[in-house]
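The next block holds one structure in the form of structure tokens; read it before the comments.
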């Protein structure tokens, strides 16, 4: 990604009345409306202030609005309800620094050429948060002595998801299934004294295999809004103890340590045990992967005047680019080796299904702490 051109990240806009005039001029050309609606991609035309001047019918269908007048003058992220545009303008937040969409627009304006990038965006819908992977193209053009950008968006979320499944999920499942097969082939040679240990290890690997399959199944259902939370009483001490023990025996914990603490009232909470286990498990696994040999991951439960919180801490530090993209769909700190669904899944499950939220802090001195609040 090219360097973020901060000189373009301005709040300046044209008044709505001027946008309407530009909209009329563009539509007066017989070819422009035809070209806008000649593709299944989302197409919009932006002015030099990155405001929407006109858009194709497909974009209106995606937004579920009848008239483009509702989006005229807005910027792309604002029209699509990007979560980072809640209090600030699209293109002016610290998160925009790593946004492929805004960088493509900036680059096309600055270098007067077409720019193509990938954009990972999380938007607020009527059913909650939803993450998308877009391939965006920004192409500058002049019309009636005005500078515009043709901005197109292609949804590649499904391709990215399937690519991840094929590249990582199948790889992991086949490895685990192969390990189970090896265990079964060894079973006739196991003497009675070693049967218990053999059984324990085989059971652990089988459970890990099932967990991998269930995780991807639930992620797909969660993104489609088809997951149902099953709320029940959870006794925190037993819940945390089992969860921490599970990861103590995980291969990612080799040479590392996990400890857990309970502060405040030791009580029951009401939540979905499986989803909460998956959320905290993701954070614990990430913390362990980010820890060096000999380091300790700490899991803390707090129940005080600030509410119910689970904190997962490790000594690792996340750089700025990681911190600003950590909850984006398909973003992974492990590059090609990672799925990019861990922390995105945490945020999705918490906010859409458990009425909670997640935040984090990360400094070189204090390390990284993720806080899950319910």
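The values are calculated or read from the model by the stated rules, or taken from the named source; none is laboratory data. Note that this is a predicted model, so its numbers are computed, not measured. Every residue, glycine among them, receives a Cβ derived from its backbone with ideal geometry; neighbour counts consider all protein chains shown.
Points to keep in mind about this one:
This table checks each residue for (1) in the same structural domain as residue 278 (by TED's automatic domain parsing); (2) at pLDDT 75 or above; (3) within 19 Å of residue 249 (Cα to Cα); (4) surrounded by 10 or more Cβ atoms within 10 Å (Cβ to Cβ).
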| residue | (1), (2), (3), (4) |
| --- | --- |
| 178 | no, yes, no, yes |
| 186 | no, no, no, yes |
| 190 | no, no, no, yes |
| 193 | no, no, no, no |
| 197 | no, yes, yes, yes |
| 203 | no, yes, yes, yes |
| 206 | no, yes, yes, yes |
| 210 | no, yes, yes, yes |
| 216 | no, no, no, yes |
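- Taken over segment 213-231, residues that are closer than 11 Å to residue 274 by Cβ and in contact with a helix residue (DSSP H, G or I) (Cβ under 6 Å, 6 or more places away or on another chain) amount to 2.
- Of the residues making up segment 247-259, those that are under 18 Å from residue 310 (Cβ atoms) and either surrounded by 19 or more Cβ atoms within 10 Å (Cβ to Cβ) or in the same structural domain as residue 204 (by TED's automatic domain parsing) (or both) number 2.
- Within segment 282-374, strands (runs of 3 or more DSSP E) holding 2 or more residues that are within 14 Å of the chain's Cα centre (by Cα): 357-363
- Search result, residues across segment 80-98 that are touching a strand residue (DSSP E or B) at 6+ places or on another chain (Cβ under 6 Å) and either crowded, with 19+ Cβ neighbours inside 10 Å or not in a loop (DSSP other than H, G, I, E, B) (or both): 80, 82, 83
- Residue satisfying all of: in segment 308-346; modelled with pLDDT under 80 and surrounded by fewer than 21 Cβ atoms within 10 Å (Cβ to Cβ); nearest to residue 368 (Cα to Cα) among these: 333
- Qualifying residue in segment 292-306 (condition: modelled with pLDDT under 90, in contact with a strand residue (DSSP E or B) (Cβ under 6 Å, 6 or more places away or on another chain) and within 28 Å of residue 323 (Cβ to Cβ)): yes
- Scanning segment 248-272 for residues that are outside any strand (DSSP E or B) and within 29 Å of the chain's Cα centre (by Cα) returns 248, 249, 250, 251, 252, 253, 254, 256, 272.
- Residue satisfying all of: in segment 63-79; without any contact (Cβ under 8 Å) to a residue 60 or more places away in the chain, within 23 Å of residue 25 (Cβ to Cβ) and within 20 Å of the chain's Cα centre (by Cα); surrounded by the most Cβ atoms within 10 Å (Cβ to Cβ) among these: 79
- The set of residues in segment 82-101 that are without any contact (Cβ under 8 Å) to a residue 60 or more places away in the chain and under 21 Å from residue 47 (Cβ atoms) comprises 82, 85, 88, 90, 93, 99, 101.
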